[in-house]
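A.B. asks: I am attaching a structure below and will ask some questions about it afterwards.
Laboratory data are not the source of any read-out in this text; all were calculated from the coordinates shown. No experiment lies behind these values; they were computed from the predicted model shown. Glycine gets a Cβ as well: all are built from the backbone with ideal geometry, and neighbour counts include every protein chain shown.
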Amino acid sequence: MQMRSPRFRENAREALDNAQLQRALTNVETNFVGKRKAAADALPEFEALRDKARDIKNHTLEHLDLYLKAYEKKVIEAGGHVHWAETAEDARRIVLGICKRVNAKTVTKGKSIVSEEIGLNEHLSANGIQPVETDLGEYIIQLRGEAPSHIIAPAVHVNKSEVETEFRRAHTHLDPNRNLEEPETLLNEARAILRQKYFDAEVGITGANFLIAETGSSVIVTNEGNGDLTQTLGKVHIVLATLEKVTPTLEDVSQILRVLARSATGQDTSVYTTFSTGPRRPEDPDGPEEYHVVLIDNGRSSMLGGDYQDMLRCIRCGACMNHCPVYHAIGGHAYGWVYPGPMGAVLTPSLTSIDEAGHLPNASTFCGRCESVCPMRIPLPKMMRHWRTREFERHLQPASTRFGLGLWAFFARRPALYRAATGLMVRTLGLFSGKRGRFASMPFASGWTKYRDLPAPEGKTFQQMWAERKDAA
Amino acid sequence: MSGRDAILGRLKRRLEREGDLESARADEVARRLDDAPAGIIPARGQLPGGERIALFQRMAEAVQASVEHVAAMADVPKAIAHQLSQRNLPAAVRIGADAALAAMPWEASAPLEVRHGPSDGNDLAAVSHALAGIAETGTLVLASGTDNPTTLNFLPDLHIVVVEAGDIDGDMEAVLARIRRKFGKGTMPRALNMVAGPSRSADIEQTLILGAHGPRALHVVIVGG
Ligand code: SF4
């Protein structure tokens, strides 16, 4: 996928000015936040399961090489094939090779974020093979020629009327006067069109939520059932998965599943949880004749053993972006690559380069909500701060930011001066804010106050309050 | 060097610490794969017989499945014929080669037509026999094969699933143990489908709509209890 992260500031500004997008984005906060909370509250063991899920992934990452070897052995035993791809280019070449060997003209696809990461659709199209996205959200954005703006709700930035416009433009064989008012009619139209594609396609490509070392199975969780039709009806099933998807046992997967759907959509479980192991067996009446897994590194192995290893625990639930005030304000496209929100701000510079994506970790208010909801307890704010430091050290920030931070550092290293200066600042701002207690605009910070109010300081600095508390205790 | 060797070599270099023994790590991994230790199992699933079935039903209904009870396998065809007529669907179902389904008195529910084998996409209703149920989430567990072809789970508009009350476990781990008993440790059917409710999508403005790509309706028949 084309990288637009270096334009982050411009992207964000455009997003804030886009009224259509702003309307669509209200759906994120209203829908996901409450549902996650209700589901988590309804399961007394939820917090303990988060610890367990974190521990399972940590253990697996410590022995990733060995679990991958064990997994590979079981896949081969079940009659499947494992391909190892060091880079995105390797992965594209492997998939294209399989498609060409079976003379594929059409390929159906279940939702796979790593497919976006490696730019698979563009590569297949350029080689005369038509990729058809089958997840409703993915199908909508494929028609629009866009990238996903959310990792579990790829078309969350699109309004219903825009879907209607797109369907009328694309489905020209249907009656132009048909009624497409209701979401149901839109869904039914997509269902009918995609039904035929599953039967036409020679190859079905899915992602994987887990690869199980104990059994050689790949697991997908979906609500629509499109992933299952994709992998059942094609002659060939190709699974795209990055290295860190491997999980030791069925029991371990069960632990993580209990936090996955609850964190993602607030469901107790997804509608379909499918374990696939190898191709069709001699006695099987249906299922694919070939089963291939493409294990993709593309930067993961270099994260291991480093500052960002914790990020490899991510199960792509989307909770961090669903709870992120910055994501709520600008949506996913502004981040400029496949992975938006807090997880993207950490992952994108790790997988691409700090030169291209070094701005992203600045897209945070450090409110900490992402970490508080992350089922895998990934310390996202800490890692964003880490990137900021690295970016600063490399002098990649624009001069104005560097000057501001340099100034802060100057004061911070001189505690007495820092206290005096911030105390003065807080009192002055308090006086100017008036009765409302908020600034609707501020000199030197109009970029900030144009889209949000800045709460006025309430008279004391954190350090003063801290000192008072300590004295009181 | 192949991609495989390059990747595994890089992982090993990054993971191994001074003094680590490859054999010690390998032992730890092998032990975990053998033992498959259970983790945290929600108390919710640990209910005795009748209450467990009631929980299963409540959870399945909460995800928009419909549920009915019959006393014995022999009562299933009649219940299915009734369902089809209530939903204004033609009196026809597709089933696989499952012995329990085959032994049912379908003729007694004539004019119900019974087709056999995998679905080609032209069936409005199909009947499967579940390997198990999971009460904690109202989930049905179906294994692929001639008995219950996978296409029956996804292509028809109405999916009817027969589950015996004795096969409904409290939690997922109990079902995993059942799978190991049936297929052997480390071995799985080609496809194992866990299904909770009918297919759905919320991709258009986060409005939940049933019947995305898979069945528009899921009807569960619990036998015995
Ligand atoms: S970082 Fe955590 S919250 Fe965000 S997608 Fe990954 S697992 Fe979910």
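A.B. asks: Roughly speaking, what is the stretch gain from A:D17 to A:K73, that is 0.36 nm per residue apart minus the C-alpha to C-alpha distance, in nm to one decimal?
C.D. replies: Full extension of this stretch gives 14.9 nm more.
A.B. asks: If the only charges are +1 at each Lys and Arg Cβ and -1 at each Asp and Glu Cβ, what is the size of the charge dipole of the protein assembly as shown around the Cα centre, to the nearest 20 debye? Intermediate results must be reported in sequence, preceding the final value.
C.D. replies: Details: 83 positive and 85 negative charges, 553 e Å.
The dipole magnitude comes to about 2660 debye.
A.B. asks: Rounded, prolate or oblate for region B:45-223? Axes are the square roots of the Cα gyration tensor eigenvalues, ordered a ≥ b ≥ c, and the cut-off for rounded is a/c under 1.5.
C.D. replies: rounded
A.B. asks: Still on this structure, please answer the following. Find the percent of Cα-Cα distances in region A:290-392 that exceed 19 Å, and round it to a whole number. Show your work: numbers first, answer last.
C.D. replies: Working: 2057 of 5253 pairs.
When all Cα pairs of region A:290-392 are counted, 39 percent exceed 19 Å.
A.B. asks: Can I ask one more? Counting only other residues whose beta carbon sits under 10 Å from that of A:C314, what net charge do I get with K and R as +1, D and E as -1? It would help to have the intermediate numbers written out before the result.
C.D. replies: Numbers: positive: A:K57, A:R313, A:R316; negative: A:E244, A:D310.
Spelling it out: positives minus negatives among the neighbours equals +1.
A.B. asks: GluC sites (Glu not before Pro) within region B:1-89: which are DSSP loop residues with at most 16 other Cβ atoms inside 10 Å?
C.D. replies: In loop regions of region B:1-89 (DSSP not H, G, I, E or B), the sparsely surrounded GluC sites (Glu not before Pro) are B:E16, B:E18.
A.B. asks: Now for a different question. Suppose we look only past 45 Å in the calculated P(r) of the protein assembly as shown. What percent of the Cα-Cα pairs does that tail hold?
C.D. replies: So the pairs more than 45 Å apart make up 24 percent of the total in the protein assembly as shown.
A.B. asks: Please state the charge dipole magnitude for region B:91-159, taken about the Cα centre, from unit charges on C-beta atoms (+1 on K and R, -1 on D and E), reported in debye and rounded to the nearest 20.
C.D. replies: 20 debye
A.B. asks: So, one more: For the pairs A:K52/A:K109; A:K52/A:K245; A:K111/A:K382; A:K57/B:K12; A:K35/A:K382; A:K245/B:K12, flag any whose C-alpha to C-alpha distance is greater than 23 Å. Present the calculation step by step, with values, prior to reporting the outcome.
C.D. replies: Values: A:K52/A:K109 32 Å; A:K52/A:K245 16 Å; A:K111/A:K382 30 Å; A:K57/B:K12 17 Å; A:K35/A:K382 26 Å; A:K245/B:K12 17 Å.
In this structure, A:K52/A:K109; A:K111/A:K382; A:K35/A:K382 exceed 23 Å between Cα atoms.
A.B. asks: Can you tell me the orientation of helix B:22-35 relative to chain B, as the angle in degrees between its alpha-carbon axis and the longest Cα principal axis, to the nearest 10?
C.D. replies: 20 degrees
A.B. asks: Ratio of Rg to Rh for region A:43-301, alpha carbon only, Kirkwood?
C.D. replies: Over the Cα atoms of region A:43-301, Rg/Rh equals 0.98.
A.B. asks: Same structure again: For the protein assembly as shown, what does the helix formula give at 222 nm: sum of -39500 (n - 2.57) over DSSP H segments with n ≥ 4, over the residue count, nearest 500 deg cm²/dmol?
C.D. replies: So the helix-based figure for the protein assembly as shown works out to -13000 deg cm²/dmol.
A.B. asks: If you don't mind, another one. Please provide three numbers in whole Å: the alpha-carbon extents of region B:8-115 along the principal axes, with the largest listed first.
C.D. replies: Cα spread of region B:8-115 along its principal axes, largest to smallest: 74, 34, 25 Å.
A.B. asks: Would you tally the net charge around B:I7, using a Cβ to Cβ cut-off of less than 13 Å, leaving B:I7 out, and scoring K and R as +1, D and E as -1?
C.D. replies: That works out to 0.
A.B. asks: Using the number of other C-beta atoms within 10 angstrom as an exposure proxy, rank A:C320, A:C367, A:C314 with the fewest first.
C.D. replies: Starting with the residue having the fewest Cβ neighbours, the order is A:C367, A:C314, A:C320.
A.B. asks: Okay, next question. State the cysteines of the protein assembly as shown left without a partner when partners are defined as other cysteines whose beta carbon lies under 4.7 Å away.
C.D. replies: That list is A:C99, A:C314, A:C317, A:C324, A:C367, A:C374.
A.B. asks: Is the shape of region A:1-125 best called rounded, prolate or oblate, per the rule: a/c under 1.5 gives rounded, else a/b larger than b/c gives prolate, else oblate, with a ≥ b ≥ c the square roots of the Cα gyration tensor eigenvalues? Kindly include the intermediate steps, with their values, before the conclusion.
C.D. replies: Working: a/c = 2.17, a/b = 1.17, b/c = 1.86.
Cα axes put region A:1-125 in the oblate bin.
A.B. asks: Region A:277-358: which GluC sites (Glu not before Pro) are DSSP loop and have at most 14 other beta-carbon atoms within 10 angstrom?
C.D. replies: A:E283, A:E289
A.B. asks: Would region A:226-304 count as rounded, prolate or oblate if I go by the C-alpha gyration tensor, calling it rounded below 1.5 in a/c and otherwise prolate when a/b exceeds b/c, oblate otherwise? Kindly include the intermediate steps, with their values, before the conclusion.
C.D. replies: On the way: a/c = 2.04, a/b = 1.25, b/c = 1.64.
Taking the square roots of the gyration eigenvalues as a ≥ b ≥ c, region A:226-304 is oblate.
A.B. asks: For A:F210, list long-range residues whose amide hydrogen, built 1.01 Å from N in the peptide plane, is under 5 Å from its own amide hydrogen.
C.D. replies: Close amide H contacts, sequence-distant or interchain: A:V219.
A.B. asks: Mean shadow of region A:338-387, computed from the convex hull of its alpha carbons, in nm²?
C.D. replies: Computing the convex hull of the Cα atoms and averaging its projections yields 3.2 nm².
A.B. asks: While we're on this one: Give me the net charge of B:A97's neighbourhood, meaning all other residues with Cβ under 11 Å from the Cβ of B:A97; Lys, Arg count +1, Asp, Glu -1.
C.D. replies: Details: positive: none; negative: A:E283, B:D98, B:D147.
Around B:A97, the charge tally is -3.
A.B. asks: So for A:T265, B:T187, A:T26, fewest C-beta neighbours within 10 Å to most, what's the order?
C.D. replies: Ordered from fewest to most neighbouring Cβ atoms within 10 Å, A:T265, B:T187, A:T26 come out as A:T26, B:T187, A:T265.
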